[in-house]
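J.: This is the structure I have questions about; it appears just below.
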Amino acid sequence: MPKPAVSVFQYPRTATEMPCGPYAKAGVIVETNAGWRISRPVIAAARCVRCQQCWLICPDGAIDRTGESYAVDYNFCKGCGLCARECPAKAITMAKEDGQGE
Amino acid sequence: MVKVIDLPDRELLYGHKACPGCAAGTIARLILKVTGERTFLAYPASCLSTVTSIYPQMAFAVPSFTAPFPATGAVLSGMAAAVKAKRMQDVTVLGMAGDGGTADIGLQALSGAVERGDKIFYVCYDNEAYMNTGVQRSSLTPFGATTTTSPAGKRGVKKNMFEILIAHRIPYCATASIAHTADFLAKVEKARNTDGPSFLHVLAPCPTGWGFPSDQTMAIGRLAVETGLWFLAEYEGGRVKMNLAPKNFKPVQEYLGLQKRFKHLGAAEWALIEGQRDREWADMRRKWGF
Amino acid sequence: MSNEAWEGRRAFISANDAVSYAVRLCRPEVIAAYPITPQTSVVEKLSEFIAGGGMDCQFINVESEHSAMAAVMGAAMMGCRTFTASSSQGLMYMCEMLHYVSGSRFPVVMMNANRTLAAPWNIYGDHRDSLAMRDAGWLQVYVENAQEALDTVLQAYRVAEDAAVRTPAMVCLDGFVLTHTYEIVNIPGQREVDAFLPPYAPGENVLDLANPRSLCISVAPEWQTEFRCQQQAAMEAAKGAIARADGDFAAAFGRRWGGMVEEYRCEDADYVLLGMGSVMGTTRLVVDKLRAEGLKAGLMKIRFFRPFPREEIAALGRRVKGIGVIDRDVSFGNAGALYTEAKAALYSAGGASPHTVNFIAGLSGRDITKEHIETMYRKVMNAAAGGAEREIQFAGLRWEEW
């Protein structure tokens, strides 16, 4: 899935490794948001019409439209349910979160 | 015209800590898809900074920085001047601030930048209160809404930023709703391509602060427009165009009734709000001739 | 850039003009400023230079001082050399931004035309404005005359942009007494200045499309102390950079201002007055007069208030009998800022401390006369001899004998 991935951040170990001022490399993710979810969207590929609506409106950008069928990046989906609610084909249902990551 | 299929798959905002269902998340994410990787982004201390840029997790992939609360317009001017000084081509100097950072503490700096004609694209994502600090009243909080500093409901009406920007004779400004995504994306593209300052005022329904379930962000956004409590318009070349002018509005309680912040209102207040709405629309029709 | 008629010449100009020429010679790429008396003629002249085509620089007419500093910060984070100037109420209005710029480590250089703070309303000079900003994390340097103002701006960029420093610098000029007084000033040539001050080479704290970074980010308590410690280390490193800049400047231009402090006739002095800015010019004359009378008087001009010359003052304390401190400021409820800090430096010197007296003088543009200064020396001598002297005195109060 072409989504940004979690990386290990090396914190400065000495004063000389400190950045000069409060800045950091952009686009660095050190932890997921998976633990926020109480329910998870499940996409029924057979019903999906690839209209891109879920991909477009997801506040977290957690829908992937590039694969054979649409998929959810469960590392970053917070389970808000917007995709299921707005899906015109009713292809997404919210399932009770089983606590498993991707 | 922006086509959704042409928007890049690469996410330039990812892994942020916004509440589930946050409209500002969608707004920022989609704007960056239009402006692209050659974007210099400034946002003030706000929801957007708090959920994106706490050391070391950096959710924005473009060069960005957290501006002081009152200063977004001014830092954008400095960045735009640097773009000229460095003779950079094909870049977007983008600011994204909330309602407080735009209409209250940031109004002076925004006014200055627009008056100077600096080439900046300023977005106000309007969640109608100081959400980052815990839902305090702003000048863009609508009439009647409870916040933690207007517990009985705000007296007084929402400031009209669209007209304030028009008063600057800005080259391009528009209002938008994240629930009207095609209209929103078209306006983002126009604003970005404007030669000079541009301003986009986007209504950003906030599940946490407004009190509605996180899957209803778009539904609430649609209802705001369908009840006539928000409008979609643009000002370009000295003229206002109303993008959507409903013949008949839905009753305001269909919008208000879904949100905890309006729960204390009854038929009398609904009628009052409807009266305000109708006067506003009559005024807009008269001024802008649609 | 054309070889201007004023380059490498002597000119009869105000200190504000001297600053304008200095800034022009430093080739800033972006200037943002908001007018306030007595700063205005600096930015007017810079506007003229730019409008006349003599300066390749973006000038932003901002709508407030807060925005002036915000705009130069926006340009600095894009990697530009920048300049702004302000004074008094304007500096107060910038306060938030001063901290932001220093904490973000952008080497902005600004001029402050020292002017008192309302109320009572008054446009004339004292040091209340910049001293109120002493904790803003900026280098602060106070100058005595127009030539020093010009030379110090050139040095300020060198020091601020030093890789070990990367800290903004505020060059402070006494309002009117310096800013609007005309003197003969040597204006260096562009080529010499270019050799002394190379083009700005920013650090990694820039917005860069090729290497995207997030700047001015939030930092939790777990890491704040390390960032703050870094700012303190940069200030300490500035002391070396200031000495190097002074030495290199002397080699290039033949003038030397002393770096952190300048001592005048202190070698064998028993009684020394400390002070900052233009009053030190008058004090020199009094030192000469007292020396002619056989009294061992001297003065120490504090150039840099940040970083503070702790070591220099401590060393002075070890060899003199009495020290008076002239403060054009008072921190109500304690004493003058310079006095407070100088006394702390003396305490850490060890050994027998000299007697100290604080003279609050020159507030809101009130003249400090030679007679006042001579009285100060005599009061310091009296205190050192065990005579009764109040520790903190307002010099020349209308209803007191001075």
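Rule-based calculations on the coordinates, nothing more; no lab input. None of the values given here were measured: they were computed from a predicted structure. Neighbour counts run over all protein chains shown; Cβ positions are idealised from the backbone, glycine included.
J.: Calculate for the protein assembly as shown the 222 nm mean residue ellipticity that helices alone would give, adding -39,500 (n - 2.57) per DSSP H run of length 4 or more and normalising by residue count, nearest 500 deg cm²/dmol.
T.: After summing the helix terms and dividing by the residues of the protein assembly as shown, the value is -10500 deg cm²/dmol.
J.: About the Cα centre of chain B, what is the dipole size in debye to 20, counting +1 per Lys and Arg Cβ and -1 per Asp and Glu Cβ, all else neutral?
T.: The calculation lands at about 280 debye.
J.: Counting only other chains, and only Cβ atoms inside 10 Å, what mean value do you get across the residues of A:75-88?
T.: Taking the mean over all residues of the peptide, I get 5.
J.: Also, I was wondering about something else. Where in the range B:1-90 are there trypsin sites (Lys or Arg not before Pro) that are in a DSSP coil and have at most 12 other Cβ atoms within 10 angstrom of their Cβ?
T.: Of the trypsin sites (Lys or Arg not before Pro), the ones in loops of the range B:1-90 whose Cβ has at most 12 other Cβ atoms within 10 Å are B:3, B:87.
J.: On a 0 to 90° scale, report how tilted helix C:337-347 is relative to the longest principal axis of chain C, with both axes built from alpha carbons and the result rounded to the nearest 10.
T.: The helix C:337-347 is inclined about 70 degrees to chain C.
J.: With N set to the residue count of the range C:77-124, report its C-alpha Rg divided by 2.2 N^0.38 Å to two decimal places.
T.: That ratio works out to 1.32.
J.: Sticking with this structure for a sec: Given 0.36 nm per residue, what is the gain on full extension from residue C:10 to residue C:284 after removing their alpha carbon distance, in nm?
T.: 96.2 nm
J.: I've got another one for you. Write down the Å³ per residue value for the convex hull defined by the alpha carbon atoms of the range C:1-112. The partial results should precede the final answer.
T.: Details: hull volume 10.5 nm³, N = 112.
Cα-based convex hull of the range C:1-112, divided per residue, equals 94 Å³.
J.: Can you tell me how the range C:261-394 classifies by the Cα gyration tensor, rounded, prolate or oblate, using a/c under 1.5 as the rounded cut?
T.: Rounded, since a/c falls under 1.5.
J.: Which whole-number percent gives the relative contact order of the range B:4-288, counting Cα pairs below 8 Å spaced six or more residues apart?
T.: Details: 542 pairs, mean separation 45.0, N = 285.
Relative contact order of the range B:4-288: 16 percent.
J.: Loop only per DSSP, at most 13 neighbouring Cβ atoms within 10 Å: give me the GluC sites (Glu not before Pro) in the range A:1-84, ordered by residue number.
T.: On the way: sites: A:17, A:31, A:68; in loops: A:31, A:68.
Of the GluC sites (Glu not before Pro), the ones in loops of the range A:1-84 whose Cβ has at most 13 other Cβ atoms within 10 Å are A:31, A:68.
J.: Shielding of B:45-57 by partners, i.e. mean partner chain Cβ atoms within 10 Å per residue? Intermediate results must be reported in sequence, preceding the final value.
T.: Numbers: counts 2, 0, 0, 0, 4, 1, 0, 4, 10, 6, 17, 15, 11.
The shielding value for this peptide is 5.
J.: Cut-off 10 angstrom, C-alpha nodes, Gaussian network model of chain C. Which of C:53, C:175, C:294 fluctuates the most?
T.: Comparing C:53, C:175, C:294 in a Gaussian network model of chain C, the most mobile one is C:294.
J.: Please report, in whole Å³, the volume per residue of the convex hull around the C-alpha atoms of chain C.
T.: 147
J.: Moving to a separate point now. Spin-label point model (7 Å from Cα, Cβ direction): what's the residue C:348 to residue B:10 distance in nm?
T.: The modelled label-to-label distance comes out at 5.0 nm.
J.: What is chain C's relative contact order, in percent, from Cα pairs under 8 angstrom and six or more apart in sequence?
T.: Details: 831 pairs, mean separation 62.5, N = 402.
This gives 16 percent for chain C.
J.: Name the residue, out of C:121, C:138, C:257, whose mean-square fluctuation peaks in a Gaussian network model built on chain C with Cα pairs under 10 Å.
T.: Top of the fluctuation ranking is C:121.
J.: Another question, then. Enumerate the calculated ³J(HN,Hα) couplings along the range C:57-74 in order (Karplus 6.51 cos²θ - 1.76 cosθ + 1.60, θ = phi - 60°), each rounded to whole Hz, writing x wherever the residue is Gly or Pro.
T.: Each residue of the range C:57-74 in turn: 8, 8, 10, 9, 7, 7, 9, 6, 5, 4, 6, 4, 6, 5, 5, 5, 5, x Hz.
J.: So, one more: Determine the shape class of the range B:176-273: with a ≥ b ≥ c the square roots of the Cα gyration tensor eigenvalues, call it rounded for a/c under 1.5, and otherwise prolate if a/b is greater than b/c, oblate otherwise.
T.: Prolate, since a/c reaches 1.5 and a/b exceeds b/c.
J.: Between residue B:37 and residue B:286, what is the spin-label point distance in nm, taking each point 7 Å from the Cα along the Cα→C-beta axis?
T.: Placing both labels 7 Å along Cα→Cβ, they lie 5.3 nm apart.
J.: Separate question: Note the direction-averaged projected area, equal to a quarter of the hull surface, for the Cα convex hull of the range B:4-288, in nm².
T.: 14.2
J.: May I ask for the longest run of chain A untouched by trypsin sites (Lys or Arg not before Pro) that are loop-located per DSSP and have at most 14 neighbouring C-beta atoms (other than their own) within 10 Å?
T.: Details: sites that count: A:13, A:47, A:50, A:90.
By the stated rule (loop sites, at most 14 other Cβ atoms within 10 Å), A:51-89.
J.: I've got another one for you. Computed over the Cα atoms of the range C:208-319, what is the convex hull's projected area averaged over all directions, in nm²?
T.: 11.5
J.: A follow-up question, please. Express the relative contact order of the range C:82-224 as a whole percentage, based on alpha carbon pairs under 8 Å and six or more residues apart in sequence.
T.: Reported as a whole number, the value is 25 percent.
J.: Now, a different point. Along each of its three principal axes, how wide is the spread of alpha-carbon positions in the range A:32-96, in whole angstrom units, largest first?
T.: Principal axes ranked by extent give 29, 21, 17 Å for the Cα atoms.
J.: So, R0 is 30 Å and r is the distance between the beta-carbons of residue B:247 and residue B:160; what FRET efficiency does that work out to, to 0.05?
T.: About 0.85, to the nearest 0.05.
J.: Please give the net charge around residue B:226, taking every other residue with its beta carbon less than 14 angstrom from that of residue B:226, where Lys and Arg add +1 and Asp and Glu add -1.
T.: Every neighbour counted, the sum reads +1.
J.: Right, here's the next one. Scanning chain C for trypsin sites (Lys or Arg not before Pro) in DSSP loops with at most 11 other Cβ atoms within 10 Å, what's the longest stretch left with none?
T.: Details: sites that count: C:390, C:398.
Here the longest segment lacking exposed loop sites spans C:1-389.
J.: What is the extension gain from residue B:169 to residue B:1, computed as 0.36 nm multiplied by their sequence separation minus the C-alpha to C-alpha distance, in nm to one decimal?
T.: 58.0 nm
J.: Across all directions of projection, what mean area in square nanometres is found for the Cα convex hull of the range C:266-328? Please report the intermediate quantities before stating the final value.
T.: Details: hull surface 16.7 nm².
Result: a mean projected hull area of 4.2 nm².
J.: Mind checking the mean number of beta-carbon atoms from other chains within 10 Å of the Cβ atoms in B:18-28? The partial results should precede the final answer.
T.: Working: counts 5, 4, 12, 9, 5, 3, 1, 7, 7, 1, 2.
Counting other chains' Cβ atoms within 10 Å and averaging over B:18-28 gives 5.
J.: Here is a further query. Can you tell me the alpha carbon radius of gyration of the protein assembly as shown divided by the globular rule-of-thumb value 2.2 N^0.38 Å?
T.: Taking the Cα Rg and dividing by 2.2 N^0.38 Å, one obtains 1.09.
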